[in-house]
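A.B. asks: Below you will find the structure I want to go over with you.
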Amino acid sequence: MSIPSQYDANSVESKWYDYWMKHDYFHSVPDEREPYTIVIPPPNVTGVLHMGHMLNNTIQDVLIRRARLQGKNACWVPGTDHASIATEAKVVAKLKEQGIDKNDLTREEFLKHAWEWKHEYGGIILEQLKKLGASCDWERTKFTMDDDMSEAVIKVFVDLYNKGQIYRGYRMVNWDPEAKTTLSDEEVIYEERQGNLYYLQYDIADSDEKVTIATTRPETILGDTAVCINPNDERYSHLKGKKAIVPLCNREIPIIEDDYVDVEFGTGCLKVTPAHDENDKVLGEKHNLEVIDIFNEDASLNSFGLHYEGKDRFVARKEISKELEEKGFLVKVEQHTNKVGTSERTKAVIEPRLSDQWFLKMEDLVKPAIEAVFGEDRDVKLFPRKFENTYRHWMTNIRDWNISRQLWWGQQIPAYYYGEGKEDFVVAETKEAALKLAQEKTQNTDLKAGDLRQDPDALDTWFSSWLWPMSVFDGIRNPENEEIKYYYPTNDLVTGPDILFFWVARMIIAGYEYKDQRPFENVYLTGLVRDKQRRKMSKSLGNSPDALKLIEDYSADGVRVGLLLSSAAGNDLLFDEALCQQGKGLGKKIWSAYSLTQLWQVSNDIEQPVSSKIAIDWYKVKFNKVLAEIEDHYSKYRLSDVIMAMYKLIYDDFCGWLLEIVKPGYQQPIDAKTFNEVISIFEDNLKILHPFMPFITEEIWQSLADRTPEEALIISKYPEIGATDEALIVNFEFATKVVSGVRTIRKEKNIAFKEAIELFVMNNESYTKDFDVVIKKLVNASNINYVQEKVDGASFRVKSNEYFVPISLDNINVEEEIEKLTKELKRAEGFLIGIQKKLSNERFVNNAPEQVIALERKKESDTVAKIETIKASLASLN
């Protein structure tokens, strides 16, 4: 068979992905095997593959492919999230381009456009994941607005409402004026911003007195309904019971007293605007104040804004402050830093707004989810554990969840109104069931379906995705079905810490509420992907590489390895394309190793050389040792440590040492026993590497032998940890240092490899001679001679053994050699002084542990021996 000298990732990746798909290796159905289940964090249906997705899904694919190799029934469920706010914004923008205003459409017409958009663009990210090698069970692909998924969401809403957990309340909510919807507290990001503090004068009615009030939002004075002072503030006690006049609109408002006012902040006098501030709302309710909402839903001013009606709040702020100044109401302006709430999705500044919304009571629901993470059994484990503090903080400070959104794209709230009163509604899964309930509630059998009006709001997107691990297996609608009983609870969840509360915590809450079980056992929280300068990757900075272009340049395998080389569990990933190049380089090395083995002529007529037997015995125990380390890293989700350990094992130990030792001489055959054992070792290497580099490993696996579909690497058997031999590993490592020492001399003295050398050893270390045969082959030594006296020539030490290679002075530049050795001697003598100072320090010797002192004394004796060797080399040159 002709073996290409270069590995062609492009053709290989499509070939094997198609092969895996054709033979249904990714598909899972319940059977007698142990299940291993992962549900994908569903990316937004609007999304395209970015670096965060690449990292997250590479990790999931590593875990799922490993489970498959371990003989488990591996099921990785893919899907997408309908992402209410993001998708509706995309659809509205697309309609705008076509000259269509959403407000001119009915809900049904808009949803038709939204579904068309979803069908056209919605599957892009999942197709891109295939390029990465993601081995999802694509037949199970779900979308959070599939009919069955939506049915589950509605069923849960109705159930929680009937349990008294969901209620409708008139509350101060977070309003996103760009998306024109409410947001939950968790969807608001607080940022420190530089603003102004405006000092305004309010006239006191029926007097010449004035009172100064400080505010960061002068535009909201038009919604003021009181001025509040602290009853203990003597500065203002004379104002009790009087009225103040709001500047510009000249409306009289009462002056009230309350301990809430901080006498130290501003002037100690507070304007009260109940419609636009949470704390002012509380004051307003306590003192029975009027509520005046001055904003439209897009945060422009309404008719209460007087001549500023229709103007944006920030434009109005500038213009009102200018008018206040011109009319003498503005006393002064100071710079002021305050925290401003912004929308996680649209980045718009949040507007506090009073509104009728639906809420889910969280106080009782959250208790099992706290116990799951912090209970004695730790039913749900977070990796790394540092995130437990974040989880505890959120869960113990939880507020009721605002689950309604003023959007059309999403599951419509199943509340049906039969009258104009706030309580004139029923909640049911279908309109038919709602009609029956409404007839019973009103005792009006003449009520018709046409008389019912469904609540126009949609449910928060997270209210559907919190059911994801259950609903993908139809566990809400059919709680006893075979699939939910087999696949649930799932095993591992891989996601980002930014949605630990939004999604992870809520799934745990839902899992205990509806299955009385954890939804997953382990949560692996990845870090954020940053660039080399530690900046978050973003389009605006231009530092986020095109994910598909990376795959094209470095291969899918190379990118997967590159991502994981730079990713420590829970720490931010400092991405560098050089790491993808390193991953690609590993692929090249493995391909070269494969090509080399296929060039060998195999003979059944020759004996296995002793050097080959030693090398094979060594590699097998080294493989077992590394495999045990790898399993420990896997158990702690330290995947970067896993790939690093594999990288060293395969690049250095397999390619760098084993193949070099067993490689037959030029135009010589290799013995069949060695060849077969090397191929068997190669296959085990491919098995452990397959989860990280699925394409190149399958290509080589299938090329090493004729395989049936049942013998594909993707479903082969993962190696088991066998016996190890630490003495063999240590002795081999000693031998490699000897080889490296001789190679250095050959390089420095320009001695060609084909020119055999003699090697002399002063064997001061109790080191076995068993590896001499390996050393001889690798350094091309005609003999290894053990001597009692030093031998003239170049020398080096490995521990306390001294090695000599006789050198003809004709081959070297004596002056350069003397200069080099003199520098080396100076360095060694300086190092020795440092060690001896430490050992002569009584305090150090009396307080340091025994093993530390022993190590320092060993360094001292080794350095003394090294100095002697250098001096002897110098003497031979003079």
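The values are calculated or read from the model by the stated rules, or taken from the named source; none is laboratory data. As the structure is a prediction and not an experimental result, all values here were calculated from the model. All Cβ positions, glycine included, derive from the backbone under ideal geometry; neighbour counts span all protein chains shown. Each accessible area value is taken on the protein alone, full model and side chains, heavy atoms only, with ligands, DNA and RNA left out. Shrake-Rupley method; radii C 1.70, N 1.55, O 1.52, S 1.80 Å.
A.B. asks: Between residues in region 308-328 that are in contact (Cβ under 8 Å) with a residue 24 or more places away in the chain and residues that are of a type in the set (Val, Ile, Thr) and assigned to a helix (DSSP H, G or I), which pairs lie under 7 Å by C-beta distance while being six or more apart or on different chains?
C.D. replies: Sorted first by the residue in region 308-328, then by its partner, the pairs are TYR308/ILE320.
A.B. asks: Among the candidates SER5, SER14, single out the residue that is of a type in the set (Gly, Ala, Ser), free of Cβ contacts under 8 Å to residues at least 40 places away in the same chain and under 30 Å from ALA593 (Cα atoms).
C.D. replies: Of SER5, SER14, the one residue that is of a type in the set (Gly, Ala, Ser), free of Cβ contacts under 8 Å to residues at least 40 places away in the same chain and under 30 Å from ALA593 (Cα atoms) is SER14.
A.B. asks: Those residues that are more than 34 Å from the chain's Cα centre (by Cα) and part of a loop (DSSP other than H, G, I, E, B), I need them from region 573-614; list them, please.
C.D. replies: TRP600, GLN601, ASN604, ASP605, ILE606, GLU607, GLN608, PRO609
A.B. asks: Which condition from (1) closer than 25 Å to ALA86 by Cβ; (2) open to solvent by less than 10 Å² (accessible area, probe 1.4 Å) is the one that SER355 breaks?
C.D. replies: Unmet for SER355, out of (1) closer than 25 Å to ALA86 by Cβ; (2) open to solvent by less than 10 Å² (accessible area, probe 1.4 Å): (2).
A.B. asks: A further question follows. In contact with a helix residue (DSSP H, G or I) (Cβ under 8 Å, 6 or more places away or on another chain) and of a type in the set (Gly, Ala, Ser): does that describe GLY52?
C.D. replies: No.
A.B. asks: How many residues are part of a helix (DSSP H, G or I), in contact (Cβ under 8 Å) with a residue 60 or more places away in the chain and out of contact with any strand residue (DSSP E or B) (no Cβ under 8 Å at 6 or more places or on another chain) when one looks only at region 828-878?
C.D. replies: Counting residues in region 828-878 that are part of a helix (DSSP H, G or I), in contact (Cβ under 8 Å) with a residue 60 or more places away in the chain and out of contact with any strand residue (DSSP E or B) (no Cβ under 8 Å at 6 or more places or on another chain) gives 3.
A.B. asks: Out of curiosity, is LYS673 open to solvent by 20 Å² or more (accessible area, probe 1.4 Å), in a helix (DSSP H, G or I), in contact (Cβ under 8 Å) with a residue 40 or more places away in the chain and more than 29 Å from ASP8 (Cα to Cα)?
C.D. replies: For LYS673, the condition - open to solvent by 20 Å² or more (accessible area, probe 1.4 Å), in a helix (DSSP H, G or I), in contact (Cβ under 8 Å) with a residue 40 or more places away in the chain and more than 29 Å from ASP8 (Cα to Cα) - is met.
A.B. asks: Could you give every pair whose Cβ atoms fall below 9 Å, whose first residue belongs to region 658-669 and is in contact (Cβ under 8 Å) with a residue 12 or more places away in the chain, and whose second residue is assigned to a loop (DSSP other than H, G, I, E, B) and among the acidic types (Asp, Glu), counting only separations of at least 6 or pairs across chains?
C.D. replies: PRO669/ASP605
A.B. asks: Which one of TYR637, TYR647, TYR718, TYR619 is in contact with a strand residue (DSSP E or B) (Cβ under 9 Å, 6 or more places away or on another chain) and not β-branched (Val, Ile, Thr)?
C.D. replies: Numbers: TYR647 fails: in contact with a strand residue (DSSP E or B) (Cβ under 9 Å, 6 or more places away or on another chain); TYR718 fails: in contact with a strand residue (DSSP E or B) (Cβ under 9 Å, 6 or more places away or on another chain); TYR619 fails: in contact with a strand residue (DSSP E or B) (Cβ under 9 Å, 6 or more places away or on another chain).
Only one candidate passes the filter, namely TYR637.
A.B. asks: Here is a follow-up. What are the residues in region 805-838 that are of a type outside the set (D, E, K, R), surrounded by 13 or more Cβ atoms within 10 Å (Cβ to Cβ) and modelled with pLDDT under 90, if any?
C.D. replies: The answer is ILE807, ILE812, ILE818, LEU821.
A.B. asks: Looking at the structure I just gave you, is LYS747 touching a Ser or Thr at 6+ places or on another chain (Cβ under 6 Å), open to solvent by 60 Å² or more (accessible area, probe 1.4 Å), assigned to a helix (DSSP H, G or I) and at negative phi?
C.D. replies: Considered against the rule, which asks whether it is touching a Ser or Thr at 6+ places or on another chain (Cβ under 6 Å), open to solvent by 60 Å² or more (accessible area, probe 1.4 Å), assigned to a helix (DSSP H, G or I) and at negative phi, LYS747 comes out as no.
A.B. asks: Could you list, in sequence order, all residues of region 563-579 that are touching a Leu at 6+ places or on another chain (Cβ under 6 Å) and farther than 20 Å from PRO384 by Cα?
C.D. replies: Hit for region 563-579 is LEU579, nothing else.
A.B. asks: Give me the residue from region 71-101 that is farther than 14 Å from GLU178 by Cα and basic (Lys, Arg) and, out of that set, surrounded by the most Cβ atoms within 10 Å (Cβ to Cβ).
C.D. replies: Looking at the filtered set, the residue picked out is LYS72.
A.B. asks: Would you mention how many residues in region 122-139 are touching a residue at least 24 places away in the same chain (Cβ under 8 Å), more than 18 Å from ILE714 (Cβ to Cβ), open to solvent by 10 Å² or more (accessible area, probe 1.4 Å) and not in a loop (DSSP other than H, G, I, E, B)?
C.D. replies: 3
A.B. asks: Here is a follow-up. Sort out which residues of region 15-31 are within 30 Å of the chain's Cα centre (by Cα) and open to solvent by 60 Å² or more (accessible area, probe 1.4 Å), and write them in order of number.
C.D. replies: Passing the criteria: LYS15, ASP18, MET21, ASP24, HIS27, VAL29.
A.B. asks: Can you report the number of residues in region 494-525 which are in a helix (DSSP H, G or I), open to solvent by less than 10 Å² (accessible area, probe 1.4 Å), among the aliphatic types (A, V, I, L, M) and within 28 Å of HIS633 (Cβ to Cβ)?
C.D. replies: Of the residues in region 494-525, 5 are in a helix (DSSP H, G or I), open to solvent by less than 10 Å² (accessible area, probe 1.4 Å), among the aliphatic types (A, V, I, L, M) and within 28 Å of HIS633 (Cβ to Cβ).
A.B. asks: While we're on this one: Output the number of the condition that LEU197 fails; it satisfies all remaining conditions of (1) open to solvent by less than 20 Å² (accessible area, probe 1.4 Å); (2) assigned to a helix (DSSP H, G or I); (3) farther than 17 Å from ASN250 by Cβ.
C.D. replies: Here LEU197 clears every test but (2).
A.B. asks: Take PHE753 and decide whether it is of a type outside the set (Gly, Ala, Ser) and either open to solvent by 80 Å² or more (accessible area, probe 1.4 Å) or free of Cβ contacts under 8 Å to residues at least 12 places away in the same chain (or both).
C.D. replies: Yes.
A.B. asks: Do we have GLU264 as surrounded by fewer than 21 Cβ atoms within 10 Å (Cβ to Cβ), modelled with pLDDT under 90 and among the charged types (D, E, K, R) here?
C.D. replies: yes
A.B. asks: Could you tell me whether any residue of region 22-33 is in contact (Cβ under 8 Å) with a residue 12 or more places away in the chain and not in a loop (DSSP other than H, G, I, E, B)?
C.D. replies: No, that holds for no residue.
A.B. asks: Still on this model: Regarding region 202-213, can at least one residue be identified that is buried (at least 16 other Cβ atoms within 10 Å of the Cβ), closer than 19 Å to PRO274 by Cβ and in contact (Cβ under 8 Å) with a residue 12 or more places away in the chain?
C.D. replies: yes
A.B. asks: Within region 430-484, can you find the residues that are assigned to a loop (DSSP other than H, G, I, E, B), open to solvent by 10 Å² or more (accessible area, probe 1.4 Å) and either aromatic (Phe, Trp, Tyr) or under 27 Å from THR87 (Cβ atoms) (or both)?
C.D. replies: Residues satisfying the conditions are THR430, PRO456, ASP457, THR461, VAL472, ASP474, ILE476, ARG477.
A.B. asks: Tell me which residues, restricted to region 225-254, are open to solvent by 10 Å² or more (accessible area, probe 1.4 Å), free of Cβ contacts under 8 Å to residues at least 40 places away in the same chain and more than 53 Å from the chain's Cα centre (by Cα).
C.D. replies: Passing the criteria: GLU234, ARG235, TYR236, SER237, HIS238, LYS240, GLY241, LYS242, LYS243, ASN250, ARG251, PRO254.
A.B. asks: In this structure, does GLY570 turn out to be of a type outside the set (Val, Ile, Thr), open to solvent by less than 20 Å² (accessible area, probe 1.4 Å), modelled with pLDDT under 90 and assigned to a loop (DSSP other than H, G, I, E, B)?
C.D. replies: On the way: of a type outside the set (Val, Ile, Thr): yes; open to solvent by less than 20 Å² (accessible area, probe 1.4 Å): yes; modelled with pLDDT under 90: yes; assigned to a loop (DSSP other than H, G, I, E, B): yes.
Yes: the conditions hold for GLY570.
A.B. asks: Determine whether region 267-276 contains at least one residue that is loosely packed, with under 15 Cβ neighbours inside 10 Å, touching a residue at least 40 places away in the same chain (Cβ under 8 Å) and either under 24 Å from GLN335 (Cα atoms) or touching a Lys or Arg at 6+ places or on another chain (Cβ under 8 Å) (or both).
C.D. replies: no
A.B. asks: Give all pairs with beta carbons closer than 8 Å in which a residue from region 706-727 that is over 12 Å from LEU686 (Cβ atoms) and touching a residue at least 24 places away in the same chain (Cβ under 8 Å) meets a residue that is among the hydroxyl-bearing types (Ser, Thr, Tyr) and open to solvent by 20 Å² or more (accessible area, probe 1.4 Å); count only pairs at least 6 apart in sequence or on separate chains.
C.D. replies: Matching pairs, first to second residue: ILE715/TYR25.
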